[in-house]
Amino acid sequence: MALGTSLFLIALGAILRFAVADAVPGVALSTIGVILIIVGIVGLIISLFTTSLWSRDRGGGVVEERRVVERDPYA
């Protein structure tokens with residue numbers, strides 16, 4: 001789950017939980033909102049964890065320095 005998708009689920013869940021006052025028969029919108037918030041937070045944690053692992057593998061290497069030493073042909 002991407003970072004943007006997680007943030008979208010958190011925002012949608014917060015809207016359903018706190019801003020919607022309508023009622024749908026047989027459906028608890030506030031419960032669905034809480035579920036979406038939890039799923040979004042879990043997805044956000046997983047996304048940040050995998051991003052940190054991926055960036056550590058890709059850019060954390062040590063650059064090796066090489067020197068070219070020319071020999072004197074007359075020595």
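Remarks
- Leading residue by the ranking (surrounded by the fewest Cβ atoms within 10 Å (Cβ to Cβ)) among those in region 1-30 that are out of contact with any Lys or Arg (no Cβ under 8 Å at 6 or more places or on another chain) and among the hydroxyl-bearing types (Ser, Thr, Tyr): Thr5
- Residue pairs whose Cβ atoms lie under 9 Å apart, separated by 6 or more positions or on different chains, with the first residue in region 43-70 and at negative phi and the second at pLDDT below 80 and surrounded by 10 or more Cβ atoms within 10 Å (Cβ to Cβ), are Gly43/Met1; Leu44/Met1; Ile46/Met1; Ser47/Met1.
- Residue identified as within 18 Å of the chain's Cα centre (by Cα) and at pLDDT 90 or above among Phe8, Phe18: Phe8
The values are calculated or read from the model by the stated rules, or taken from the named source; none is laboratory data. Small disclaimer: the values here were computed from a predicted structure and weren't measured. Don't worry about glycine lacking a Cβ; one is built from the backbone with ideal geometry, like all the others, and counts go over all protein chains shown.
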